[in-house]
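Worksheet: one structure, shown below.
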Amino acid sequence: MTGALLDKTMRDSLQQKAASIGELVGESADELPLSNESRAKRNERRLAWYHRIENGVLDLTNSFPAGTEDYEAKQLFVFLLELRRAIDEDPGGTDSAGSLALAAAKMLDVLRRMRRRLERSALDNPDEAASFVLAQMSALKATDVARVLGVTTKTLAAWKTGTSVKNTPERAKLVAQLVAYLRYAMTPTGLLMWFENPADALNGRSPLELLNDDVSAAWEPLITYARGGRGQLAS
């Protein structure tokens, strides 16, 4: 699944479908027995819940260009089968062994990875990448955001009005990927500090220095550093 294969409409649709399945799977705690419910009614309710998830997974998978050949779609099916097995092997409906909860947790993990991958695929488009960075760093001064993206504030203002990113497309894409990895753990100010501060993992240099030197050469070390979180600042 790549950004080149998915336009924004399809990507948004897939994101919504994955989110809807996640909400259904997240209801697993509600599938525990109710005090005033017969065993037959309880099993009927759980199977109805399972079939809603199954229909959602089938719809999501069929919407992917790669279909069931998509790696995470395959994983989703594997854990869907685990979920059904957990239900079939638990006629009492108590999930005392925790098998149902475990299968549900595995499905949620796959759905989270799938949604993150869909999000990152959008960032292969420099225009969407720039828009993403502008949205995530909107609380910062324009001069700071422009410095991270390697453009003037005039160019930044033009991008905000919808002007296409033509002069620094690779940098916009790389910065967007980095921000996507870091944004859940950092405030906008923290993101700016991450780009500006020297780090031991980068041989005492800052991410901004690497970006300014050579964007192509900066991809691997910066993505690796971002995946590891904030990392250690240089002493």
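Brief remarks follow.
- Of the peptides 11-17, 174-180, the order by per-residue mean of other Cβ atoms within 10 Å, starting with the highest, comes out as 174-180, 11-17.
- Within the chain, helix-based [θ] at 222 nm, where runs of 4 or more DSSP H residues each add -39,500 (n - 2.57), nearest 500: -21500 deg cm²/dmol
- Given charges at Cβ of Lys, Arg, Asp, Glu: the chain dipole, positive-most of L178, L108, G67: L178
- Alpha-carbon gyration tensor eigenvalues x 5, square-rooted, for region 8-119, Å: 28, 13, 11
- Test item: Cα-centred dipole of the chain, Lys/Arg +1 and Asp/Glu -1 on Cβ, debye: 480
- Footprinting exposure proxy for I87, I21, I223 (fewest neighbouring C-beta atoms within 10 Å first): I223, I87, I21
- Cα-Cα over 27 Å, subset of K8/K173; K74/K166; K74/K173; K17/K106; K141/K166; K17/K141: K74/K166; K74/K173; K17/K141
- Multiplying each eigenvalue of the alpha-carbon gyration tensor of region 126-227 by 5 and taking the square root yields semi-axes of 21, 15, 12 Å, largest first, rounded to whole angstroms.
- Overall dimensions of the chain as given by Cα atoms, namely Rg and Dmax in Å: 22.3, 69
- Rounded Å value of the spacing that divides the Cα centres of region 56-104 and region 105-175: 33
Readers should treat all values here as calculations from the given coordinates under stated rules, not as data from a laboratory. No experiment lies behind these values; they were computed from the predicted model shown. Positions of Cβ are backbone-derived with ideal geometry, glycine not excepted, and every protein chain shown enters the neighbour counts.
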